[in-house]
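Reviewing the structure listed below.
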Amino acid sequence: MLLKSDSNRAGVVMTTSLELPTLRRAGGGLRLSVLALLLLPQLGWAMSYKSGDHVTLYVNKVGPYHNPQETYHYYTLPVCRPKEVRHKALSLGEVLDGDRMAESLYEIRFKENTERKTLCQLTLSEKEVEQLREAVEELYYFEFVLDDIPIWGFVGYMEESGFLPHTHKDVKPVPLDGVGGAVPVSGAGGDLAVTHTYSVRWFESPLPHGRRAERLRDYSFFPKTLEIHWLSIINSLVLVVLLLGFVIIILMRVLKNDFARYNVEEEGACDDLDQGDNGWKIIHTDVFRFPPYKSLLCAVLGVGAQFLTLATGIIIMALLGMFNVHRHGAINSAAIVLYALTSCVSGYCSCRFYTQIHGQRWVWNIILTSTLFSAPLFLTWSVVNSVHWWSGSTQALPATTVLLLLGAWVLVGFPLTVIGGIVGKNRAGNFQAPCRTRNIPRQIPPQPWYKHTAVHMAIGGFLPFSAISVELYYIFATVWGREHYTLYGILLCVFAILLSVGACISVALTYFLLSGEDYRWWWRSVLSTGSTGIFIFVYSLFYYRNRSSMSGVVQSAEFFGYSLLTAFVFSLMLGTVSFCASLAFIRYIYRSLKMD
């Protein structure tokens, strides 16, 4: 680990051994030995220290190795703890990430080595020994934090004779001697006497403080899976090129033939173009007929536009280096702030379009827009948080944090939605339909099976999903694992490709729909590409079953609850892009018809 020194650059390797010696009982033996901590560097801000300055080590959380979202306070284990537990002030993102940092008993002085210093002596009851054994059986790991840098290690490991904590860790470039081992203890009845010790060793490092993340990058306490991002980007690029070629070359050639046929006669306005013709031209008096459920459609478009803005903002902030891997929950904090601030986008887009299509209940439209995502989010969070609270997990939010988040929505998010809605209503203007809509809708002819809504949803959802399927694995490994995602440039490219594919597919499917004289494109355009969210949720089921080792009620509630919300967000974003692309396409082709 590299910490800043006023005089020079220095580093520290700390190996902490919690000695849990051999316990002998009638009929068998239970062996407890050493718990080792490994401290490695990570890039980011750090304090400056002078020789002899106290360096605070915070204990944070423990939990099952394969269930990242199931975490508990470190002091729930039978370990050394101060008489008065003092917690560190945490940011909102850290609290949302399940962090609960508290000061430890470890005495660490800058540049002062410590050899096998006693931390404390405990007498564990039989119940506490069983609790520790269960933690080892379930492969519990712990996380400490020193100078904003995480320290990870396992609570122990199992053997045929019992369970043991790790006895030794070698840290390169400076190898360490073993500091573990068992020592005799005295026990009475079901109690167990335990001595906890630790060692700290400092060394000078040639690696600058600003590059200390390079050593953490090579650290393999958690599995490494993010190695082949270029496969994802190449796969997506090939797909988007093929789709763009399909839309631009094939579809434009078809349209060129349509225009040549429909514009033979120069006389006659758009209203007279349906004599003896068929195809998309004949439905020109119905294609701009406003759809049912106007308010819901506009709310979907508004919230979709909000999440498009939010996602773009998060990626750009990441590209600018505003999120360091050692900053606990920094992206969570930024996402919450941006969600509140971008609420004006949803209100503006929703109410503006709602007014354009002659909606009358604009107040109801604003309320629906503000609750379209926040209501499912609150319901999902209530269930997940209740499960965490029941299990005693640190992922359960404290009351102060809940009030803070609620206040952010009530005092910032909802008012901005209202303000955006009022501005959008006043600046709505006309809908700008190229053709006049008749009062009586024409009859829609029977459609072949391949033009039904379900088929279009399957095609429109699968192709965008295939464009991001490889990258989606890395995102899941980051969100539901312990990877540190840093390739934000590739993420921005994949995000742009996803939107491009969604727009291209929407235009193609809309043309096929109109060519069958079916003018019900409004909701169809939203559902066709918006169905990508369904494929993403199905993939989450596959990931949980085949690509992860997660299990248990706590982890399952968290995973499936928020995976469902994620799929919903993707449906809103892609549905908005799909609708806007289809609307622009339809306006273009009908404006291209000759009129008087």
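The values are calculated or read from the model by the stated rules, or taken from the named source; none is laboratory data. None of the values given here were measured: they were computed from a predicted structure. Cβ: placed from backbone, ideal geometry, glycine included. Neighbour counts: every protein chain shown. Accessible surface is based on the protein model in full, side chains and every heavy atom, while ligands, DNA and RNA are left aside. Shrake-Rupley method; radii C 1.70, N 1.55, O 1.52, S 1.80 Å.
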Roughly how many percent of the accessible protein surface of the stretch 305-405 is carbon and sulfur, given a 1.4 Å probe and a whole-percent answer?
-> 73
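Could you tell me which of rounded, prolate or oblate describes the stretch 510-596, using a ≥ b ≥ c as the square roots of the eigenvalues of the alpha-carbon gyration tensor, with rounded for a/c under 1.5 and, failing that, prolate when a/b is larger than b/c and oblate otherwise?
Working: a/c = 4.79, a/b = 3.73, b/c = 1.29.
It is prolate, given that a/c is not under 1.5 and a/b is the larger ratio.
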Using a 1.4 Å probe on heavy atoms of the protein chains only, the accessible area for Leu463 in Å², nearest 10, reads 40
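Using 0.36 nm per residue, how much length does the chain from Arg438 to Ser51 gain when fully extended, once their Cα-Cα distance is taken away? If you can, show how the numbers build up before the last one.
Values: separation 387, 0.36 × 387 = 139.32 nm, distance 8.47 nm.
Result: 130.9 nm gained on full extension.
By per-residue mean of other Cβ atoms within 10 Å, what is the highest-first order of 569-577, 491-499, 330-338? Don't jump to the answer; show the numbers that get you there.
Details: 569-577: 26.1, 491-499: 20.4, 330-338: 17.9.
The peptides rank, most packed first, as 569-577, 491-499, 330-338.
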Note down the nm distance, to one decimal, between modelled labels 7 Å out along Cα→Cβ at Phe246 and at Ile316.
-> 3.1
For the stretch 345-445: span of alpha carbons on each principal axis (Å, largest first) | 63, 38, 18
